[in-house]
1. Once you order the gyration tensor axes a ≥ b ≥ c over the Cα atoms, which shape class does the range 11-113 get: rounded for a/c under 1.5, otherwise prolate or oblate by comparing a/b with b/c?
2. Find how much the distance from Phe113 to Ser101 grows on full extension, using 0.36 nm per residue of separation minus their present alpha carbon separation; answer in nm with one decimal.
3. Within a Cβ distance under 15 Å of Val43, other residues only, what is the Lys/Arg minus Asp/Glu net charge?
4. Quick one: grab the alpha carbon gyration tensor of the range 81-181, order the square roots of its eigenvalues as a ≥ b ≥ c, and give me rounded if a/c is under 1.5, else prolate or oblate depending on whether a/b is larger than b/c.
5. Quick one: how many Å² of Met181 are accessible to a 1.4 Å probe, rounded to 10?
6. Determine which lysines satisfy two conditions relative to Lys47: a Cα distance under 30 Å, and not lying fewer than 8 residues away in the same chain.
7. Quick one: how many Å² of Glu89 are accessible to a 1.4 Å probe, rounded to 10?
Amino acid sequence: MRHTLRETWSGLRRNLAMTIAVIVTMAVSLSLLGAGAMTALEVNLAKSSLYNQVEISVFLCTENTQGGRCEEGKGTTAAQRDQIQQTLEANPEVSEVTYESKEVAFEEFQRVFADSPVVDSRTAEDMQDSFRVKLVNPENYAGVVSEAKGLQGVQAVQDLHTVLDPMFKWLSALQWATLTMSALLLLAGALQIGNTIRMAAFTRRREIGIMRLVGASNIYILLPFLLESLVAGLIGIGVAAAALTAGYWFVIVQNAQTSITAIPWIGWGDLATAILVIAAVGVALAVIPTLLATRKYLRI
């Protein structure tokens, strides 16, 4: 064991520059991988929360509205309103339909614009009554929207998916860009580790040959090289874990959670999951290239 540790230390000192390069590359790539994993967790959490809160608003015609399925100068009749409600409730994708009268809409208008001069510019008769529709699966909204737009007496159908979908599309693109950069850097790290170990094995090829002649086992010969790559890998994992923890604390805990309360944020458990992921990847990245780089000398 003393020989193994001595050889490991000697190898680290001999290839110090390459070892530092490996540590930096692994730290950066694993940090990006962890950031990508945390971004994916946050996107899924925010998407689930926001989509579950999304309602489809089906606005009915008034005498002053145009467009949609309105007749000029006529509002939605009681019969049309009942038909709209029955059609929406019969849709299997709809979980709940709530009618909002003009009076209720006017009260909400007064509450929202209480401190604005606009509040005196409208009356209850200027408001549109509507149906608020909740879905069984908020992501399956297209069919309900299409059906509602075709009903007589419907002036417009509004849903937040037109706003949320592009936002989550860009967040997903950012997530994949981060993961792609991480994958490229991880590949560079694996090549660096393999090259470093290959050079170390080539430098000690005579010693390895003598050890094989005297009956040393492959694991005994391999262990110093494996420890070299593991030391570099563990340091890189530690730096990446510290960077992720610092980023989570300063970006999310200290800022995002206090300034943006409309969406839920990932917790310490999610951070721990991301760290476990980068730890597993980091260890694999240290071990596999080492085994591949030394098999020529060990004939495994």
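1. Here the range 11-113 falls in the prolate category.
2. Between Phe113 and Ser101, full extension yields 2.5 nm more.
3. -2
4. In terms of gyration-tensor shape, oblate.
5. Spelled out: Met181, probe radius 1.4 Å, area about 110 Å².
6. Filter leaves Lys134, Lys149, Lys169.
7. 100 Å²
The values are calculated or read from the model by the stated rules, or taken from the named source; none is laboratory data. A quick note: this is a predicted structure, and the numbers were derived from the prediction, not measured. FYI the Cβ positions are ideal-geometry reconstructions off the backbone, even for glycines, and counts take in every protein chain you see. The area values use the complete protein model at the heavy-atom level, side chains included, leaving out ligands, DNA and RNA. Shrake-Rupley method; radii C 1.70, N 1.55, O 1.52, S 1.80 Å.
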